[in-house]
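*Asks:* One structure is given below, represented as structure tokens, and several questions about it will come after.
Read the figures in this text as sums done on the coordinates, not as results from a lab. Note that the structure is a prediction, hence the values are computed from the model and not measured. Neighbour counts run over all protein chains shown; Cβ positions are idealised from the backbone, glycine included.
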Amino acid sequence: MSKLVKTSEQQTSNIMEKLPQEIILVILSRLPSTSLLQSMLVCRAWRRLTRDPLLVATHFSHMADKDGPSFIFQSNRPSSSYQLFFIDFSDFHSQGKVMFKKLPHLMSIYLLDSCNGLLCMRDARWIYICNPFTRVYLQLPKLVNYPAQVGHIAFGFHQTTKQYKVIQVVYLRQQVLLGGRINVATSTLVQSQVHVLTIGDPSWRHIGTLPYDLARPIPKALVNGRLHWLSKPNNDNTASILISFDLETEQFQEMAKPDCCGSNRCFHHLMVLRGFLSAGAYHDNDELEVWVMKEYGIKESWIKEFTIGNHLPPTLQQNDLLHFNMAKARFPNSSVRVLCILRNDEILLEYLNRVVVVFDPRHGTFKELTFDAMPHWYKLVVHVGSLNWIHIPVC
Amino acid sequence: MGSTSTKIKLRTSDQKVFEVEKAVAVQSQTIKYIYENGCPDSVIHVHSVSGDILSKILDYCKKHVNSAAGKEDISPEELYEWDANFVKVDQNTLFDLILAANCLKIESLLDLTCQTVANMIKGKRPEEIRTTFNIKNDYTIEAEEAVRRENKWAFDMLGGVGTMVIEELADDTMSKCVTNTKSRVCVIAANQIVMMRSISKLANKKSIDVYKQPQNPTTPRIKESVKQRNVGTGFIELFFHFKCKM
């Protein structure tokens, strides 16, 4: 018969009971989102904690500050299921691991945008705000006058007013008839009407019209409580303009782009890199330049941070793709998108909505990322994985 | 303007007295408050902290004060490593450190110790977390099932945690593996190359090709066939957990 020797180090009771509730809250708030969800199953007390708004807000601020970003992407191919996936790079730097998870299927709805851990999605009739982790969703009121017209939709949050707003730009075009049929190519923009909804309000507000065409389906950049877009040049104007929309004052403003080469057409996308507004420019020499505005609002503070050479990832070298999109494949940098900068200064790029690549600027090397069951085409947004919801006070 | 070598006396719960420099002691906001608002010459009682724990805490504060003031030549990475070693203690001591850091209001130590516990929880299944900390499971079986079902995707540890980073190799064979068919994915794991087919195609294949990277680079790659088990309904999900070869 063996004796069980109890040493002084062996604890027989729940050691967590030593700690007050607020400390357990601090500990849980430092877990990554999936671990936080798993910790719900440990005991009932922990489950109650995960519903505490203070825990969610603290956890969110940890997640938002981390340099290991995460993304959600949605694909409709190969299975037409609008499947959502979550990728997390927080362990990439320390352990070389990228977490890739299939999210639970919500509804067959299309992903538009992400802000503060909430997704803005739409289907044919409605627009929704949802958190894919907690699967709570909110259906937004319909835009009454233009129920069928969906223009450009963006979703943002202002730190001071603590409000979430959705902005929808509806385009009214002058239809040009050509031989009895509408010629889409030459339809000119008559008006773009701007409607804003503050989440929580019962209806949209029409706040005026915009002389620009925001028809590019490029994700916006949210910096300093302002949304930014590049407008598409129209028939009278060949330049693309950088526009900002203040979520508090609801005013549009033009902003100065960097002087990179004199041409006004070279910037083709915006993003937020390490909290700064940034723009990617493509020139004829096939290089992608990334400019960063170090001080908000000051034109001179635009600095060319880095240049990315021409590179075609192996997946895109498949022959079938080349036939499909010859020009883009030959000049991949004309349609590459910079996603973010990782902790060790490596840069994440997205090529043609198909491939995610990690670029190391010090060595000039590219590494392609693929995953099991990776969809063929996808729409990718930067997303903070959290249990956040609209009423939770985040800063 | 006080002298830089002002000392403060601290008495612990087990009646031990520690004499430390003011700069070190006021890392604790609690001690700082008491010192600035009480009598600076008498002893400050720290009732809730034992001598052993306070001794460790004072080591921590001293290290951080010295490194910040430049008295010790230590790089941020070395300090980070020192911190990592500092928290390599048994659970009881760690939790006592947390309580003491909370009571004495030493923010950086509280962050460090809480993050250490969070790292112990991270990546573990609920059963493992309960075992580690001896937490009693107060869920009924039905309730536990319901919660697990609700968040199934998060518990699905197998559902895709993996790193598949494909090096941009000049090797022809390698890039062929990648680009050959849409349904094949090539993965480098340690020194093996595994070819997998996507889930739907697995139904018809009875074995998976595993290419072993030979020790001697000049010998050709060895192909082994690993038999699949449990064909079942015809769909098998293969899950791999790799460390990326960086």
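*Asks:* Among the listed pairs A:165/A:304; A:220/A:257; A:101/B:136; A:18/B:136; A:142/A:162, which have their C-alpha atoms separated by more than 20 angstrom in this model?
*Replies:* On the way: A:165/A:304 32 Å; A:220/A:257 15 Å; A:101/B:136 29 Å; A:18/B:136 14 Å; A:142/A:162 23 Å.
Too far apart for the 20 Å limit: A:165/A:304; A:101/B:136; A:142/A:162.
*Asks:* Taking 60 Å as R0, compute the FRET efficiency from the Cβ-Cβ separation of residue A:45 and residue B:9 and round it to 0.05.
*Replies:* My answer for the efficiency is 0.90.
*Asks:* Per residue of B:119-130, what is the mean number of Cβ atoms on other protein chains within 10 angstrom of that residue's Cβ?
*Replies:* Numbers: counts 3, 1, 10, 9, 6, 4, 3, 7, 2, 1, 8, 5.
Mean partner shielding for this stretch: 5.
*Asks:* Describe numerically, in nm with one decimal, the distance between label points set 7 Å from Cα along Cα→Cβ at residue B:19 and at residue A:162.
*Replies:* Output for this residue pair reads 5.1 nm.
*Asks:* Which entries in the list A:367/B:122; A:299/A:367; B:16/B:62; B:32/B:63; B:122/B:152 go over 22 Å, if you measure between the two C-alpha atoms of each?
*Replies:* Numbers: A:367/B:122 28 Å; A:299/A:367 34 Å; B:16/B:62 19 Å; B:32/B:63 18 Å; B:122/B:152 17 Å.
Going by Cα-Cα distance, A:367/B:122; A:299/A:367 fall outside the 22 Å limit.
*Asks:* On to the next question. Would you mind getting me the FRET efficiency between residue B:75 and residue A:362? Use the beta-carbon distance for r and R0 = 22 Å, nearest 0.05. Numbers along the way, then the final one.
*Replies:* Numbers: r = 20 Å, r/R0 = 0.93.
The pair residue B:75/residue A:362 has a calculated efficiency of 0.60.
*Asks:* Oh, and also: Is the shape of segment B:5-121 best called rounded, prolate or oblate, per the rule: a/c under 1.5 gives rounded, else a/b larger than b/c gives prolate, else oblate, with a ≥ b ≥ c the square roots of the Cα gyration tensor eigenvalues? Don't skip to the answer; put the middle values down first.
*Replies:* Working: a/c = 2.06, a/b = 1.29, b/c = 1.60.
It is oblate, given that a/c is not under 1.5 and a/b is not larger than b/c.
*Asks:* If amide H atoms are built 1.01 Å from N in the plane of the peptide, which residues on other chains or at least 5 residues away come under 5 Å of the amide H of residue A:305?
*Replies:* Long-range HN contacts for residue A:305: A:290, A:291, A:292.
*Asks:* R0 = 60 Å: FRET efficiency of residue B:37 with residue A:300, Cβ-based, nearest 0.05? The partial results should precede the final answer.
*Replies:* Values: r = 49 Å, r/R0 = 0.82.
The pair residue B:37/residue A:300 has a calculated efficiency of 0.75.
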